[in-house]
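Just below is one structure, and these are the notes that go with it.
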Amino acid sequence: QVQLVESGGGLAQAGGSLRLSCAASGNIFGINVMGWYRQAPGKQRELVAVIIRGASTNYADSVKGRFTISRDNAKNTVYLQMNSLKPEDTAVYSCYTSNGRNAYWGQGTQVTVSS
């Protein structure tokens with residue numbers, strides 16, 4: 001089992017910044033992807049950003065150039081730096097990881113961007 005603990009959500013004004021953190025613990029051997037998804041009210045969950053094998057990254061088109069995902073392997077933690085926030089970024093953000101056999105999710109953290 002892998003446990004994911006998220007932090008860093010909250011309220012920001014449009015144009016502002018927030019940084020999300022997600023720390024993994026437990027049976028983390030073999031984790032090859034970590035990332036963030038989000039779900040806004042009434043919408044499907046969507047991929048925000050992933051980092052694969054600690055190096056390759058992929059972003060949703062809607063956040064490219066504004067969000068940056070990074071990983072600290074020593075701390076087993078993945079970060080999502082969110083800049084130039086927009087009201088449409090408002091959602092519950094959930095951390096995700098996989099070891100190729102199983103997928104694990106964090107509890108989610110609310111991000112609210114006011115206009």
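The values are calculated or read from the model by the stated rules, or taken from the named source; none is laboratory data. Values in this document were obtained by computation on a predicted structure and should not be read as measured data. Cβ placement follows ideal geometry from the backbone for every residue including glycine, while neighbour counts extend to all protein chains displayed. For accessibility, only protein heavy atoms count, side chains too; no ligands or nucleic acids. Shrake-Rupley method; radii C 1.70, N 1.55, O 1.52, S 1.80 Å.
Quick notes on this one:
- Taking the range 13-51 as the range and being more than 18 Å from Ala74 (Cα to Cα), surrounded by fewer than 19 Cβ atoms within 10 Å (Cβ to Cβ) and not charged (D, E, K, R) as the test, the residues that pass are Gln13, Ala14, Gly15, Gly16, Ser17, Gln39, Ala40, Pro41, Gly42, Gln44, Leu47.
- For Glu88: the one exception among (1) more than 13 Å from Val33 (Cβ to Cβ); (2) in a strand (DSSP E or B); (3) not polar (S, T, N, Q): (2)
- Taken over the range 77-91, residues that are more than 11 Å from Ser21 (Cα to Cα) and open to solvent by 50 Å² or more (accessible area, probe 1.4 Å) amount to 5.
- Scan of the range 52-68 for residues that are open to solvent by 50 Å² or more (accessible area, probe 1.4 Å), modelled with pLDDT of 95 or more and not in a strand (DSSP E or B), ordered by number: Asp61, Ser62, Lys64, Gly65
- For Asn32, the criteria (1) within 16 Å of Leu4 (Cα to Cα); (2) in contact with a Phe, Trp or Tyr (Cβ under 9 Å, 6 or more places away or on another chain) hold in every case but one, which is (2).
- Given (1) within 20 Å of Gln13 (Cα to Cα); (2) outside any strand (DSSP E or B), index of the condition Gly42 fails: (1)
- Val48 vs. criteria farther than 23 Å from Gln1 by Cβ, assigned to a strand (DSSP E or B), touching a strand residue (DSSP E or B) at 6+ places or on another chain (Cβ under 6 Å) and hydrophobic (A, V, I, L, M, F, W, C): yes
- Sub-6 Å Cβ pairs linking a first residue in the range 38-55 that is free of Cβ contacts under 8 Å to residues at least 40 places away in the same chain to a second residue that is surrounded by 14 or more Cβ atoms within 10 Å (Cβ to Cβ) and part of a loop (DSSP other than H, G, I, E, B), at least 6 apart or interchain, are Leu47/Ala60, ordered by first then second residue.
- Each residue in the range 30-55 was checked for being more than 15 Å from the chain's Cα centre (by Cα), closer than 18 Å to Ile69 by Cα and of a type in the set (Lys, Arg), and 1 of them qualify.
- Val113 passes every criterion in (1) open to solvent by 50 Å² or more (accessible area, probe 1.4 Å); (2) in contact with a helix residue (DSSP H, G or I) (Cβ under 7 Å, 6 or more places away or on another chain) apart from (1).
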